[in-house]
Amino acid sequence: MNWMDKQIAKVSPQRALKRSVARKQLEIMNNYGDHGASEKKKSMIGWRSHSGSVLEDVEYNIPKLRERSRDLYMGAPLANGALKTIRTNTIGQGLKLNPQIDHEYLGMSVDEAEEWKIKTQREFALWADTPHCDAQRMNNFEELQQLAFLSWLMSGDSFALLPTMSRPNMPYDLRIRIIEADRVSSPNGEQLHDTKIVNGVEVGRNGEVLAYHIAQEHPGSMHAMADQRWVRVRKYGYATGRPNIIHLMESERPEQRRGVPILAPVIESLKQISRYTEAELMAAVVSGMYTVFIKSTSTEDNALMGNAFEGDEVDEADPNSLELGNGSIVALEEGEEIQESNPNRPNTAFDGFVMSITRQVGASLELPYELLIKHFTSSYSASRGALLEAWKMFRMRRSWMAADFCQPIYEEWLAEAVAKGRIYAPGFFDNPLARKSFSKAEWNGPSQGQLDPLKEVNAAEKRVENGFSTRARETVELTGGDFKRNHQQRVQEEEMRRRDDIIPRPSRDNTLYREEENDEEDQD
């Protein structure tokens with residue numbers, strides 16, 4: 001009881017008692033200071049933490065994280081497989097364009113809208129299916145998607161410039177140029193004018209991105225010039241508002257300007273697993289060689305195995321390069337004996353330990369370990385549950401890729417196609433809402449795959465019957481095909497089968513024939 005309570009107790013003991021009880025209740029009341037924020041518990045005393053800005057916590061560490069992430073991709077099978085698994089399931093062969101114009105706003109009929117979509121897909125394929133869409137003339141549009149996405153995962157972000165270049169026999173001038181993440185950097189660490197440059201990203205007073213600074217040579221290249229130069233590229237055109245550069249990244253914190261590699265949280269775990277695997281592999285190889293040593297008590301220089309192994313030298317230049325013979329009986333010199341070296345490999349605990357760490361790595365990457373190591377040993381329901389959980393992540397990243405890479409590029413291409421008169425879109429440049437209506441599109445990717453194809457097909461039929469999905473979407477999701485082309489092909493195939501009498505023609509009693517006869521009678 002403090003001095004104040006003692007004075008109150010002399011005047012009003014009841015009030016002093018209430019104050020004392022209230023103080024004890026505050027002392028035992030649960031709060032973060034007694035748990036996660038405790039600085040008194042022994043388990044928390046050694047926990048060193050620091051709350052810094054996004055600059056200290058993220059931006060300043062990105063170059064080192066990028067280096068280590070790439071090193072793991074090049075040398076750690078688990079890291080390499082994780083990134084490729086995400087790339088393959090998210091992008092696959094490439095996201096396919098499916099125009100979805102708002103024909104109701106544009107005053108078009110369904111048939112007119114369908115005809116416009118077919119023509120647009122044909123024109124887009126003329127540009128996208130050839131390496132001419134690539135500024136380097138190496139990849140088509142689908143392959144550029146794979147490159148940009150994998151670079152995004154590995155380096156934390158990826159950049160694409162959208163220059164215009166005229167080329168023979170190509171009516172479209174739009175080009176895509178993928179830029180290595182390292183090249184976007186601050187010019188000699190300096191700041192320009194009244195703006196701030198964070199890892200090559202120039203930020204305005206309100207936090208908006210104004211421009212990117214791109215080094216002419218890769219900073220880590222041995223051929224980089226001593227007088228390195230940077231080019232400032234505005235994010236959007238000053239007069240047109242046209243995007244000059246595309247930046248793919250995943251933000252973790254507000255005011256973050258550069259992306260973090262997806263492997264960043266598990267870099268240490270992956271490196272340790274890689275080292276452990278290499279050590280176990282080497283130990284198993286040594287064990288497979290069945291190494292023996294000659295233990296001698298003699299002090300003479302020529303006493304090493306005496307003359308026991310004469311003629312068994314592997315290398316004539318090295319007298320100690322000896323090998324064991326098959327079923328040989330060897331007589332050792334006096335004072336010599338054989339001592340075996342057996343490292344007891346393979347280690348029986350290796351697989352269980354690696355699987356345990358792999359599960360943790362998979363949890364961080366949102367990849368179930370069955371999918372991460374491509375080994376499905378559980379029941380159908382468990383394997384399907386793991387696959388469905390992974391596909392939540394794949395679809396999320398696919399939507400990001402479609403919104404941040406495919407759609408902006410498609411809109412730029414469509415603007416050029418309309419401007420050159422190859423596609424008719426009235427009001428495209430005058431009415432922003434009309435432009436948006438013409439530019440709507442879906443980007444369909446690879447199917448999820450089926451553990452039990454029959455169940456998956458039955459489920460797709462139910463979704464179509466109840467209006468939860470369409471035949472076009474289900475065709476893409478199940479096989480990656482095109483329903484309209486499939487339908488046209490099936491009509492031709494069925495007609496060929498009837499013509500060649502592989503299947504019987506409809507009888508005259510068929511309802512279709514009766515309806516046709518009635519139509520003919522009505523015409524008469």
>> If a residue counts only when it is closer than 21 Å to residue 61 by Cβ, touching a His at 6+ places or on another chain (Cβ under 9 Å) and modelled with pLDDT of 90 or more, which strands (runs of 3 or more DSSP E) contained entirely in the range 163-223 have at least 1 such residues?
In response: 201-203, 209-215
> Just wondering, is there one or more residues in the range 334-346 that are modelled with pLDDT of 75 or more, open to solvent by 70 Å² or more (accessible area, probe 1.4 Å) and not small (Gly, Ala, Ser)?
Replying inline: no
> Of the residues that make up the range 194-214, is at least one within 23 Å of the chain's Cα centre (by Cα), in contact (Cβ under 8 Å) with a residue 60 or more places away in the chain and under 17 Å from residue 259 (Cβ atoms)?
Replying inline: yes
>> When you scan the range 100-114, do you find a residue that is buried (at least 17 other Cβ atoms within 10 Å of the Cβ), of a type in the set (Phe, Trp, Tyr) and in contact (Cβ under 8 Å) with a residue 12 or more places away in the chain, even just one?
In response: no
> (1) exposed (fewer than 15 other Cβ atoms within 10 Å of the Cβ); (2) farther than 30 Å from residue 108 by Cα: which one isn't true of residue 421, the others all being true?
Replying inline: (2)
>> Please determine whether any residue of the range 225-239 is in a loop (DSSP other than H, G, I, E, B), at pLDDT below 90, open to solvent by 50 Å² or more (accessible area, probe 1.4 Å) and under 26 Å from residue 413 (Cβ atoms).
In response: yes
> Which of the residues belonging to the range 407-430 are of a type outside the set (Phe, Trp, Tyr) and not in a helix (DSSP H, G or I)?
Replying inline: 420, 421, 422, 423, 425, 426, 427, 430
>> Step by step: first the residues of the range 29-73, then only those that are in a helix (DSSP H, G or I) and among the aromatic types (Phe, Trp, Tyr), then the one that is surrounded by the fewest Cβ atoms within 10 Å (Cβ to Cβ). Which residue is that?
In response: 32
>> Could you tell me how many of the residues in the range 431-442 are open to solvent by 60 Å² or more (accessible area, probe 1.4 Å) and in a helix (DSSP H, G or I)?
In response: 4
> Counting just the residues of the range 445-483 that are touching a Phe, Trp or Tyr at 6+ places or on another chain (Cβ under 6 Å) and assigned to a helix (DSSP H, G or I), which one comes out surrounded by the most Cβ atoms within 10 Å (Cβ to Cβ)?
Replying inline: 475
> What are the residues in the range 139-169 that are open to solvent by 60 Å² or more (accessible area, probe 1.4 Å), more than 22 Å from the chain's Cα centre (by Cα) and either closer than 30 Å to residue 365 by Cβ or aliphatic (A, V, I, L, M) (or both), if any?
Replying inline: 165
>> Quick check on my filter: what residues within the range 120-138 are hydroxyl-bearing (Ser, Thr, Tyr) and surrounded by fewer than 19 Cβ atoms within 10 Å (Cβ to Cβ)?
In response: 130
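The values are calculated or read from the model by the stated rules, or taken from the named source; none is laboratory data. Just so it is clear, the structure is predicted and the values come from calculations on it, not from any experiment. Here the Cβ is made from the backbone with ideal geometry for all residues, glycine too, and neighbour counts use every protein chain on show. Accessible surface areas use protein heavy atoms only, side chains included; no ligands, DNA or RNA. Shrake-Rupley method; radii C 1.70, N 1.55, O 1.52, S 1.80 Å.
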